[in-house]
Amino acid sequence: MAEKDIVSTEPEGRDSKKLDYEEAVIATDKEHSLTLSQALKAYPKAIMWSVLLSTAVVMEGYDTLLVRSYLASPSFVNTFGNTGSAADGTLAITASWQSAVANGAYIGEILGLAVTGILCDRFGNKAVMTGATVMMIAFIFISFFGTSLPVQLVGQILCGIPWGAYQTITTVYAAEVLPINLRGYLTSYVNLCWVIGQFIGSGVLVGVETRTDVWGWKIPYAVQWVWPLPIIAVCLLCPESPTWLVKHTKLAEAERAVARLQSPNHSAIVPTPQETVALLHKTDAIEKHITEGSSYFECFRSVNLRRTEIATVTWAVQQMAGPVLQTYATYFFIQAGLASSEAFNMTLGLYAIAFVGTVLSWPLIHRFGRRTIFLGGLFGIFVSLMIVGFIGIAPQSDSGASWAAGAFLLVFTFIYDSTIGPLTYVIVPEVSSSRLRHKTTVIARNVYNITCIWTGVLTPYMLNPAAWNWGAKAGFFWAGMTALCILWTWFRLPETKGLTFAEIDTLFEQRVPARRFKKTDVDIGRVLEST
């Protein structure tokens, strides 16, 4: 690579000083030697800002649950259903509109994600997040006042646009403002926010279950207005990502941002703002060796193609391992003879299990590597899905079999939300290069959204007695898909636990095989000195 390709323009003043590699090496050594308790004491403000910003994802989990639950809600059906659509001639929403409204948000998310990748590079996380939340306030009005299915569909598509921004920015921000040993906890917390949103949504729906008038579906929509104003306040007050500031050669601002993220009482054990920015600056220089620009096209060039593949397939695996069956646990409990209200309460318990599972993933993240947890989780999921499939061999009239299928879906939920569910949010930002992190995350999440559409359309046919009528035997299909996911993970997913972004960049540039990431030592001093 020619010398001119790796020289960056230095700003005036302190920023014009050459940030020598010694500072970057010191920052790397301090990050590696920092214990978990020291990190918690030294970065409370970074943790706080990341947690508050990630709360935006609660809105997405909440509304996604609402829309799918509305399709069977008496209140929603009374407003939007068509007489004679059901087999017995009563009010119902046609299958085509069910599919459209349930998947409309994914269309908006795909659009929102694509735009977010471009806007974040130019304007930063804070500005884009603020703009998305302002849009969210307006788009909720469409869903709240819409009295026809086409208007509801438009509302879902438009709400999906800011959700796309939330999916990208929250994960990337958590990865970029925290040290190595806190990165996994706060990126996986995004998954917990999704679960919290679904849990709150389930509780709100229980509260309006007996209402059959329009307020049965309007009240849950109105609850969404609780979040935007606090989120906007957080966006305006939080520091910008130091990585983004360094990329735009705003080194003095980056140092001030780092200072706002650290506790001044622990300056001796953590990298100073100058040392942190030096490491970020050197990391950016390393990536300029590898990446000529920061467009979407660069995500598919040279070594970045491998990083994009890992990010996208990891997120696709999260959906291909059968979590769509979780949403049908209620169906199995109704088949077992429970009243719909009791089955719904059981579903509320499912999200409580998902919450506990995500929290329990944190000690696993601290103790084991990303690759180990991901593989172990997939093996556990494979076994639980096979058991569900074998249960499905029993006659569907057997209520005991339906109880067993529902119970093992709860087991599946616990395994999923303690392993691959939260770990995906850790792996994707870690394997992406700093210069392309937003865009790689956008591509990966859009692959996930497309996969969700495919699985969301396919699964009802598997379970519907009037279609394929597989019932619990659908577990065999998803177990087969999980087996393919295990194969890919074994050969392609690298271990990134405990590595700085500069070290991860180097391992990818040297094309180290996935199974040797953990065993390969990086002479980071030589790498930083050469940039």
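Points worth noting:
- Derived scalar couplings between HN and Hα for the stretch 56-69 equal 4, 5, 4, 4, 5, x, 5, 6, 4, 5, 4, 4, 5, 6 Hz in order, rounded to whole Hz, by the Karplus curve 6.51 cos²θ - 1.76 cosθ + 1.60 (θ = phi - 60°), x for Gly and Pro.
- Evaluated over the Cα positions of the stretch 44-238, the convex hull gives a direction-averaged projected area, one quarter of its surface, of 11.1 nm².
- FRET efficiency for the ASN82 to LEU40 pair, using the beta carbon distance and R₀ = 56 Å, is estimated at 0.50.
- Rounded to the nearest 0.05, the FRET efficiency derived from the C-beta distance between PHE368 and TRP215 at R0 = 51 Å is 0.60.
- With the helix formula -39500 (n - 2.57) applied to DSSP H stretches of n ≥ 4, the chain reaches a computed 222 nm mean residue ellipticity of -24000 deg cm²/dmol.
- Remark: relative contact order (the chain) = 22 percent; criterion is Cα-Cα distance under 8 angstrom and separation of 6 or more residues.
- Heavy-atom accessible surface of the chain: percent carbon and sulfur, 1.4 Å: 66
- Cβ-Cβ distance of ASP521 and GLU309, R₀ of 25 Å, FRET efficiency by 1/(1 + (r/R0)^6): the value works out to about 0.50.
- Rounded to the nearest 10 Å², the accessible area of ARG511 at probe 1.4 Å: 150
- In order along the stretch 494-504, phi translates into HN-Hα couplings of x, 9, 10, 4, x, 10, 6, 5, 5, 5, 5 Hz, rounded to whole numbers, per the Karplus curve 6.51 cos²θ - 1.76 cosθ + 1.60 with θ = phi - 60° and x for Gly and Pro.
- Net charge, LEU364 excluded, C-beta distance under 13 Å - Lys, Arg +1, Asp, Glu -1: +3
- Converting phi to 3J(HN,Hα) with the Karplus coefficients 6.51, -1.76 and 1.60 and the offset θ = phi - 60°, the stretch 101-114 yields 5, 5, 9, x, 4, 5, 4, x, 5, 4, 5, x, 4, 4 Hz in sequence order, with x at every glycine or proline.
- Inter-probe distance in nm under a simple model that places probes 7 Å from Cα toward Cβ, at SER302 and TRP225: 5.2
- Approximating the spin labels as points 7 Å out from Cα along Cα→Cβ, the SER263-to-ARG68 distance works out to 4.0 nm.
- For Cα Rg over 2.2 N^0.38 Å, calculated from these coordinates, the label among (1) 1.00; (2) 0.92; (3) 1.15: (1)
- Placed amide H near ASN82: partners under 5 Å, 5+ positions off or other chain: ALA92, ILE93, THR94
- Gain on full extension, evaluated as 0.36 nm per residue between SER148 and MET481 minus their Cα-Cα distance, stands at 116.1 nm.
- The residues of the chain have, on average, 38 Å² of accessible surface per residue, using a 1.4 Å probe with all protein chains present.
- Label point distance in nm, ALA467-ARG511, each placed 7 Å from Cα along Cα→Cβ: 4.4
- Mean Cα-pair separation over length for the stretch 44-238, i.e. relative contact order, pairs under 8 Å, 6 or more apart, %: 39
The values are calculated or read from the model by the stated rules, or taken from the named source; none is laboratory data. Everything numeric in this text was worked out from a predicted model, so none of it was measured. Note: ideal-geometry Cβ built from the backbone for every residue, glycine included; neighbour counts use all protein chains shown. SASA here: full protein model, heavy atoms, side chains in, ligands and nucleic acids out. Shrake-Rupley method; radii C 1.70, N 1.55, O 1.52, S 1.80 Å.
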